[in-house]
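Chemist: Let me give you the structure first, and then I'll get to my questions.
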Amino acid sequence: MTEQVIKNKKILITGGTSGLGLNLVRIFLEKGYHVVTTGRRELPSSEQGERFSYYRVDFSDLENTAAAFKEIIKVHEFDMVINNAGILSPVHRTITKNGLEYTFQVNFLAHFIINEIIIRNHPDSKKLRIATLSSPVYRFAKVHSISDNQYSAIGAYSGSKLYQAMMCSHLDEIYRGKNLLFFSFDPGVFSSGIYRMQSRFFSFLYKIAAPFMRSSGKVANVLASIITQEEIRSGVLYNYRKRIKPIPVPEKDAADAFWKECREKISSFLD
């Protein structure tokens, strides 16, 4: 790919103000892309430049998220999207202003809305690649009703990562035949700042273990190489070694009910 072609390309990276997201921002700026990123805090001025655009967006507020992206797509037309923003679940069940469990909304549903807004306004003639960050713990989760009030921090987090993995195959099925490609990415265990919402004890243990984990920079390089490579499978999950892994498939009735609930929740934000 020529330098001029790359300079004309735009990528959206959600949650690009720290950790893996910030590493991805730096990688794609170095490659010559125009990088658009979101976050809840400003980036250092050293990260900013003519090929960089930042938008403050709060994924715990769906009105704010939808409104922000309706403005973003008026300015930017993307070639790639990386759904990276996410949190570890709060110790205690937390409800957003939209009446939804915090982790479910921030990690998954806000990205579902973002993807739909971008896709519905994307030119049919232009290719678009969308990657979504999952996690190894997606394998331990099951599909639940959005209104389920049972809560555990690990259950909420693993569930959100399962839904992120499922989202790529769901969107691939819905939009098959268009110039769209979707995949999810399991980065394995790596060090990041995602522990910030956890208890002091958990944060202390995480900081001790972090030096022995894979670095977020290495993970970012792998994901960047996958999303930019010539041939990619759509509707699948890649792991850190670039191997395709199966996405757990819930029973059809459970999956249909889940996606019906999700689409009912986001429909008012897409008008």
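The values are calculated or read from the model by the stated rules, or taken from the named source; none is laboratory data. These numbers were taken from a predicted model, which means no experiment stands behind them. Cβ atoms come from the backbone with ideal geometry, glycine included; neighbour counts cover every protein chain shown.
Chemist: Would a scan of region 123-138 turn up a residue that is under 27 Å from Arg214 (Cβ atoms), out of contact with any helix residue (DSSP H, G or I) (no Cβ under 8 Å at 6 or more places or on another chain) and outside any loop (DSSP other than H, G, I, E, B)? Walk me through how you get there before you give the answer.
Modeler: Start the filter on region 123-138 by keeping residues that are under 27 Å from Arg214 (Cβ atoms), which leaves 129-138.
With out of contact with any helix residue (DSSP H, G or I) (no Cβ under 8 Å at 6 or more places or on another chain) added as a condition, the list becomes 136.
Filter once more, so that each one left must be outside any loop (DSSP other than H, G, I, E, B): 136.
Yes, the conditions are met somewhere in region 123-138.
Chemist: Follow-up question, since we're still on this one. Mind listing just one residue for me: the one in region 213-231 that is in contact with a strand residue (DSSP E or B) (Cβ under 8 Å, 6 or more places away or on another chain) and over 17 Å from Lys31 (Cβ atoms) and, of those, surrounded by the most Cβ atoms within 10 Å (Cβ to Cβ)?
Modeler: Across region 213-231, the extreme among qualifying residues is Ser216.
Chemist: Can you tell me which residues in region 241-252 are modelled with pLDDT of 90 or more and either closer than 16 Å to His144 by Cβ or surrounded by 11 or more Cβ atoms within 10 Å (Cβ to Cβ) (or both)?
Modeler: First, the residues of region 241-252 that are modelled with pLDDT of 90 or more: 241-245.
Answer for region 241-252, where residues must be modelled with pLDDT of 90 or more and either closer than 16 Å to His144 by Cβ or surrounded by 11 or more Cβ atoms within 10 Å (Cβ to Cβ) (or both): Lys242, Ile244, Lys245.
Chemist: Here's something else I'd like to know. Determine which single condition Ser199 fails, assuming it passes every other condition in (1) modelled with pLDDT under 95; (2) surrounded by 20 or more Cβ atoms within 10 Å (Cβ to Cβ).
Modeler: The failed condition is (2).
Chemist: Search region 119-146 for residues being under 23 Å from Arg93 (Cβ atoms), surrounded by 20 or more Cβ atoms within 10 Å (Cβ to Cβ) and polar (S, T, N, Q), and hand back the single one that is modelled with the lowest pLDDT.
Modeler: Ser135
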